[in-house]
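Report on one structure; see the data block that follows.
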């Protein structure tokens, strides 16, 4: 009987908190309309003004069986104009080419030698944005024509590949626009916006909500009730998870209609990793708000958590642009784990096997933080 009453209490708490959220006009705009507008603007026009280090993949398809002396235009450029990596580290760049510009800054191209499938995977992840195929007498450039950064990379490389002792690239190259779903910038952006929405909604919706109620002494009144604090926190998390799925679903439907975006992997695995991400950030939100009663302090703590991940975790651009020494740390951030897992399902056709470890890690993070936060939680 007591168990039945406890479940009824939890259900009534969920309904009450859900009604409290949907009655706020700001939820409709900031939770649903704002991510859609952001995806529309960035999807239609994404520009980067400054020159940065760019990573390019090359695939040589020279037919040496029929002609052992055959040497492609691309091979000539790589061997005669590029600097070879002296370290010989596996999975690192093989050649480096620098276009010097005193006014606009140098453009450094790190060139990787790989197979087609591997290059396409890195293209979808945003690690590279141009794929160059070297044939016997020509060069093919594969890139997303709607990505201005990829276009700039092509223009700069095509102006130098073929100079000097090799044939001019202008008359012996072919552009192969990549319009396949999963290689476009919008395919990269939308999963990132969804995962960022989960983080922001959980951190602000749960953490700041609890801190504000505690600062206004509203939580103090709940001490006199027979309600368990675990039920109160679980109800908050449940409502926030429901809202996050509604917001993510609305964003995906918009991307589906406006940009013909599809889910190439396992949909149930996507739901599970989204649920695991909600659990992770909900647990973190409970921990941050468990003892804080000052809204200014709470605001600082939330920003301290969300801002670094929003910048570093590759939401708007690939985190591969950051220095190599920082990448192992960035990949271990909860938002990076969630975003990489979601993108692999959306764009790479991943299933349970590929995202099982991220799901376990995110769930464990959430359970650990929630347990600690529950133990130190105070009503006033």
- Could you check the simple spin-label distance between residue 332 and residue 379, using points 7 Å along Cα→Cβ, in nm with one decimal? 3.9 nm
- Item | Separation of the residue 360 and residue 256 label points, Cα + 7 Å toward Cβ, nm | 3.2 nm
- Based on the Kirkwood radius over alpha-carbon pairs, what value in µm²/s does the Stokes-Einstein equation return for the translational diffusion coefficient of the stretch 282-339 at 25 °C and 0.890 mPa s? 195 µm²/s
- So what's the stretch 188-248 giving for Rg/Rh, alpha carbon basis, Kirkwood Rh from the mean inverse pair distance? 1.10
- How far, in nm, would the chain grow between residue 98 and residue 19 when pulled straight, counting 0.36 nm per residue and subtracting the alpha carbon separation? 22.6 nm
- residue 87-residue 310 FRET efficiency (beta carbon distance; Förster radius 25 Å; 0.05 resolution): 0.15
- Query: Roughly how many whole Å is it from the C-alpha centroid of the stretch 183-201 to that of the stretch 314-344?
  - Reply: 13 Å
- Message: Given R₀ = 35 Å, what would the calculated FRET efficiency be for residue 318 paired with residue 80, taking r from the Cβ atoms and rounding to 0.05?
- Response: 0.70
- Item | Convex hull per residue volume in Å³, alpha carbons only, for the stretch 226-344 | 142 Å³
- Estimated inter-spin distance, residue 267 and residue 348, nm [label 7 Å along Cα→Cβ]: 2.3 nm
- How far, in nm, would the chain grow between residue 367 and residue 216 when pulled straight, counting 0.36 nm per residue and subtracting the alpha carbon separation? 51.5 nm
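No lab work stands behind these numbers, since they all come straight from the coordinates. The model shown is predicted, which means the values in this text are computed figures rather than measured ones. Cβ coordinates were reconstructed from backbone atoms using ideal geometry, including for glycine residues, and neighbour counts include every protein chain displayed.
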